[in-house]
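Take a look at the structure below.
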Amino acid sequence: MSSEIEVVEEVQPFKQSDGVVANGNGYCGGGNNNGVVGGSVDDESQRNDVYTAAAFGDLEKLRRLVEYEGRSLSEPDGLGYYALQWAALNNRTAVAQYIIQHGGDIHAADHNGQTALHWSAVRGAIQVADILLQEGARVHAADIYGYQVTHVATQYGQTAFLYHIVCKWNADPDAPDYSGRSPLHWAAYKGFADCIRLLLFLDSDSGRQDKEGCTPLHWAAIKGNLEACTVLVQAGKMEDLMVTDNSCLTPAQLASEKGHRQVAFFLGNARRLLEKRCDRNSRLGRLSKLSLAQVLWFIILVLLVTYTKSVITASNLPRPTAGFGLLAWMGVFLSSAGLVLFYRCSSKDPGYIKMKALDPQNMRDCEPLLKIEINNPILLAGNWSQLCATCKIVRPLRAKHCSTCDRCVEQFDHHCPWVSNCIGKRNKWDFFLFLVLEVSAMLITGGVAVTRIVTDPLAPPQFFPWVNHACTHHIGAISFLMVDFFLFFGVAALTVVQASQIARNITTNEMANVMRYSYLRGASGRFRNPYDHGCRKNCSDFLINGYNEDVQISEEPTQSEAIGMVQMVRDLSLENGDTQTPVNENGHIAINVSSSDVNEHHHGHSHRHSHNHHHGHSHGHGNVLSSQCNHSKPSSKPKNASVPLGLGLGLGRGRSSSRSVAS
């Protein structure tokens, strides 16, 4: 349904490569390869062209061909692709600059209307894109299918490139193609959660429907991308779960039709939960309006009054001694102090991160949307999970968005319904001390109540008569003991858990999502808490400061691990002829914006276009890709295999079960 570009990596050096990178004189190969990949190339003249030199970044060869042999840089090769496109694809900055200075047209488009700027987005070639745009390339240029550079970057999951092109060059992150699909549709379909977060952060419309009536959530449901669905639901509205496409199907129904049971269950459960919350007549709706903090406050006050009247000052019990009376009133004092901390914890700011609001009246049209965040080191490092699409902020690593409070909370621990507030960096000290005081108060008051009942001089010595006497004459004390007994175990368990987490400087949310958060895994993939500075320091910092600073401890590999890693890198370098891509501590690829052209290690790149309306494509290099995105089950091929396929991959839908999508 649209054009495609297939990018094939060749790991052999150039002289041993069986594939052809680019050739203006024709391609060798047989079968269905269309002369692009396959078959040996014995004719040296076929390698000696400006397209191959541009693809490999061989500036010396390119100069010789242009300045001494008179080769043209403004003519396309045999398949209609320009040398500047090949340089842009492989991020050859020096070669691209040379081509532009010697007659290369930055606006030159191939038969699909794609320019060098489109090709630079395939692999996220930020440096080449900057050169092209500085020389006058049109950032809003679209190909014959309406794909702008933002569409291409999203189709390939190039989040850093997308961020850069929007921030610095004011590209439109919400532009629809000719089928009505925005980059957010593509990100949802391809399952690139980081792109989704960035696009939502850029105010992309999550409710936009394409010509088939599908929203981004529909396409995420069709492909069974659970993480994409989760991000879209958390940042979207209830209407996104209920909207139907042209076939009158909701995202949950589409997921169920495609056999994605987990996604269908998640979407269905999210819809039911949101409907109950919005329905004020339902039980959950009424419960959400009721502040449980007031209920807990009332329970504690009733228990205090009952304890005072029925245990300490009961008329049918002997007057306590001075020491025992002091202990009895100590329980009242601790519980009252706990109520003060309870009020502080409930009413205090748990650590809400200030939301940054942009004034549209003071912003000029030429200003990038994210001007305030363009040099944010967190985003430059590729930590896209720290983007909050709802609050429109770049949050700290340990901060999380609370769906109940609808705010991002620093050092988010959990949302406590009994406190009616989040527990975070600024009120966790109050919360923990409240628990300690209440547990201590329950121990003291429970012990005092048992002692007062047992030592009643009027009680009969026999057991059953004694029980009957206690239930008859001390009903208030017995009721207090029963409630105190049941509350004690729950509060005590919560106190022990909180104390254990404080000693290790980890939150409840992190413990519950330890497998999701990459910063809680070491180099070996096992659990590692980088914020654990030892029990003594963790506890002292928390008790003195009220919180722990987010200071990470760097992981030092053992000598054997370090040697193994160095050997592995050397082996990979020798085998692939390429340098390693740096990865940050959160598992994201970091972009090196200062890299330059390197032509010592040659890669064979095969790149071709083919288009077919409403029909599947068959590529001759072992990849079969349908140009349609329909309602059939996706293939089992992992989406991260090799280089992603499908620049301009269409999202056409069909009802026939024989139409499939491989991505």
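When residues in region 316-357 are screened for being open to solvent by 20 Å² or more (accessible area, probe 1.4 Å), in a loop (DSSP other than H, G, I, E, B) and under 30 Å from Ala470 (Cβ atoms), 5 of them pass. Tell me, yes or no, whether region 139-151 has at least one residue that is over 25 Å from Leu200 (Cα atoms) and assigned to a loop (DSSP other than H, G, I, E, B). Yes, the conditions are met somewhere in region 139-151. So, in region 74-102, how many residues would count as being farther than 17 Å from Ser120 by Cβ and either among the aromatic types (Phe, Trp, Tyr) or touching a residue at least 24 places away in the same chain (Cβ under 8 Å) (or both)? Going through region 74-102 one residue at a time, the tally reaches 8. Restricting region 249-275 to residues that are of a type outside the set (A, V, I, L, M, F, W, C) and surrounded by 17 or more Cβ atoms within 10 Å (Cβ to Cβ), the residue that is modelled with the lowest pLDDT is Arg271.
Here Asp110 qualifies as among the acidic types (Asp, Glu) and touching a Gly at 6+ places or on another chain (Cβ under 6 Å). Would you be able to tell me the number of residues in region 409-449 that are over 38 Å from the mean Cα position of the chain (by Cα) and assigned to a loop (DSSP other than H, G, I, E, B)? Residues flagged as over 38 Å from the mean Cα position of the chain (by Cα) and assigned to a loop (DSSP other than H, G, I, E, B) within region 409-449 amount to 0. The set of residues from region 190-232 being over 15 Å from His151 (Cα atoms), open to solvent by 30 Å² or more (accessible area, probe 1.4 Å) and hydrophobic (A, V, I, L, M, F, W, C) comprises just one member, Leu226.
Residues in region 54-71 that are open to solvent by 50 Å² or more (accessible area, probe 1.4 Å) and closer than 13 Å to Gly103 by Cβ were compared, and the one that is nearest to the chain's Cα centre (by Cα) is Arg71.
Of everything listed in (1) more than 19 Å from Thr230 (Cβ to Cβ); (2) at pLDDT below 85; (3) open to solvent by 30 Å² or more (accessible area, probe 1.4 Å); (4) within 14 Å of the chain's Cα centre (by Cα), the single unmet condition for Leu379 is (3).
Applying a threshold of 7 Å to beta carbon distances and a minimum spacing of six or more residues, or different chains, the list of pairs starting in region 526-547 at a residue that is in contact (Cβ under 8 Å) with a residue 60 or more places away in the chain and ending at one that is open to solvent by less than 70 Å² (accessible area, probe 1.4 Å) and in a helix (DSSP H, G or I) reads Phe542/Ile502; Tyr547/Lys428. I'd like the full set of residues that are out of contact with any Phe, Trp or Tyr (no Cβ under 8 Å at 6 or more places or on another chain), more than 20 Å from Ala492 (Cα to Cα) and touching a residue at least 12 places away in the same chain (Cβ under 8 Å), limited to region 422-454. Hits for region 422-454 are Arg452, Ile453. The set of residues in region 162-183 that are at pLDDT 95 or above and under 18 Å from the mean Cα position of the chain (by Cα) contains only Pro183.
On the basis of being buried (at least 20 other Cβ atoms within 10 Å of the Cβ), over 24 Å from Cys408 (Cβ atoms), among the hydroxyl-bearing types (Ser, Thr, Tyr) and modelled with pLDDT of 90 or more, does Thr244 make the cut?
Considered against the rule, which asks whether it is buried (at least 20 other Cβ atoms within 10 Å of the Cβ), over 24 Å from Cys408 (Cβ atoms), among the hydroxyl-bearing types (Ser, Thr, Tyr) and modelled with pLDDT of 90 or more, Thr244 comes out as no.
The values are calculated or read from the model by the stated rules, or taken from the named source; none is laboratory data. This is a predicted model, so every value here is computed, not measured. Cβ: placed from backbone, ideal geometry, glycine included. Neighbour counts: every protein chain shown. Only protein heavy atoms, including side chains, enter the accessible area calculation; ligands, DNA and RNA are left aside. Shrake-Rupley method; radii C 1.70, N 1.55, O 1.52, S 1.80 Å.
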